[in-house]
Amino acid sequence: MSVTLRPGTTQDAERCGMICYSAFKAISEHHNFPPDFPSPEIAIKFLSQLLANPNIYGVVAEVDGQVVGSNFVDERSVIAGIGPITIVEQAQNRAIGRALMQHVLDRVAQRRFPGFRLVQGAYHSRSLSLYTKLGFVAREPLSTMQGPPLNAEIPGYSVRPATASDLDACNKVCLKVHGHHRGGELLDAVREGTAAVVEHGGRITGYSTAVGFLGHSVGETNEELRALIGAAPAFLGPGFLLPTRNAELFRWCLEHGLRIVQPMTLMSVGLYNEPAGAFLASVLY
């Protein structure tokens, strides 16, 4: 079998989206978890957005001229985020996934990213084994949380939509918590109208690109995250990714009626700082 890798284009969105939907659905249902994408249309739309973004690199794998899989690298910020990686069922277990992953690892090395990360389904032992063999280190257990909107306010912590003028203050919060900022993702979220900030004591002390699977949040303390979660109109996608070790916030979410959908694992290569504050991960990291 001859595998060819090439850059993805927007014309690949429908085929790659169908593969992405089917692959995640099959593995999730095999382990009795809900799929990451509820329909093929949503998966196609998501991959269309990735393929159309000039700061996200996509690669597709072809066998005999037929697309059989894809992988992505989010290059919008200092740390690169990898995924989603998916392969059509008939071509799985043939080292195509390893080739797609090695291709993007070579790319981030060539572009001199100080670190790169991904999030994998903790129930999927094959992907955990592959990523570990490729040099990734498991950093943080995550719990995907879902439920009805809380409509909860935290006294002294006000939430409002983020604007472009908030970028510097938000990046400083992220830098304080993680040791690097995620300004590229934040800027896109501001443009899309999904970003929000938390103000406390007359200044911005936290923000979220979206409280959901694709969004990340940071705050100086858990109070900022409580405010962002409490104000969210919905938890987009399968839910938001809460660090399981944050027992205080985890317990608060459970006490407010949220439930665990699935376990996940944050993994990294290269630069990684133990967070000096509170955060919610995105499905990238």
Exercise for the section: Starting from residues that are outside any helix (DSSP H, G or I) and aliphatic (A, V, I, L, M), keep the ones in the range 232-252 and report whichever is farthest from residue 27 (Cα to Cα). Expected result: 232
Practice task
Could you please give the count of residues in the range 170-199 that are in contact with a strand residue (DSSP E or B) (Cβ under 9 Å, 6 or more places away or on another chain) and farther than 23 Å from residue 243 by Cβ?
Solution key: 3
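A quick yes/no check of all residues on (1) under 18 Å from the mean Cα position of the chain (by Cα); (2) under 10 Å from residue 157 (Cα atoms):
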site	(1), (2)
214	yes, no
218	yes, no
222	no, no
228	yes, yes
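Considering only residues of the range 119-131 that are more than 24 Å from residue 63 (Cβ to Cβ) and among the polar types (S, T, N, Q), which is surrounded by the fewest Cβ atoms within 10 Å (Cβ to Cβ)?
Among them, the one singled out is 125.
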Problem - Close pairs from the range 30-51: first more than 19 Å from residue 71 (Cβ to Cβ), partner part of a loop (DSSP other than H, G, I, E, B), Cβ under 6 Å, at least 6 apart - result: 31/123
Exercise for the section: Filter the range 247-285 for residues that are of a type in the set (D, E, K, R) and within 13 Å of residue 138 (Cα to Cα) and give the result. Expected result: 274
Fill in the blank from the handout: Residue count, the range 13-33, condition of a type in the set (Val, Ile, Thr) and more than 19 Å from residue 144 (Cα to Cα), comes to 1
Fill in the blank from the handout: Residue set 261, 269; condition over 20 Å from residue 178 (Cβ atoms), in the same structural domain as residue 157 (by TED's automatic domain parsing), part of a strand (DSSP E or B) and at pLDDT 95 or above; output residue 261
Exercise for the section: Could you check, for the range 28-36, whether at least one of its residues is among the small types (Gly, Ala, Ser) and touching a Phe, Trp or Tyr at 6+ places or on another chain (Cβ under 9 Å)? Expected result: yes
Exercise for the section: Within the range 253-268, work out how many residues are more than 25 Å from residue 27 (Cα to Cα) and surrounded by 19 or more Cβ atoms within 10 Å (Cβ to Cβ). Expected result: 1
Practice task
Determine which member of the set 200, 180 is more than 17 Å from residue 145 (Cβ to Cβ) and touching a Pro at 6+ places or on another chain (Cβ under 9 Å).
Solution key: 180
Fill in the blank from the handout: Scanning the range 80-106 residue by residue, the ones that are in contact (Cβ under 8 Å) with a residue 60 or more places away in the chain, of a type in the set (A, V, I, L, M, F, W, C) and in contact with a helix residue (DSSP H, G or I) (Cβ under 8 Å, 6 or more places away or on another chain) total 3
Problem - Considering residues of the range 149-194 that are free of Cβ contacts under 8 Å to residues at least 60 places away in the same chain and of a type in the set (S, T, N, Q) only, the residue nearest to residue 271 (Cα to Cα) - result: 171
Problem - Top-ranked residue in the range 170-226 [being of a type in the set (S, T, N, Q) and part of a strand (DSSP E or B); ranked as farthest from residue 73 (Cα to Cα)] - result: 205
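The values are calculated or read from the model by the stated rules, or taken from the named source; none is laboratory data. Just so we're clear, the structure is a prediction, and the values are computed from it rather than from any experiment. Neighbour counts run over all protein chains shown; Cβ positions are idealised from the backbone, glycine included.
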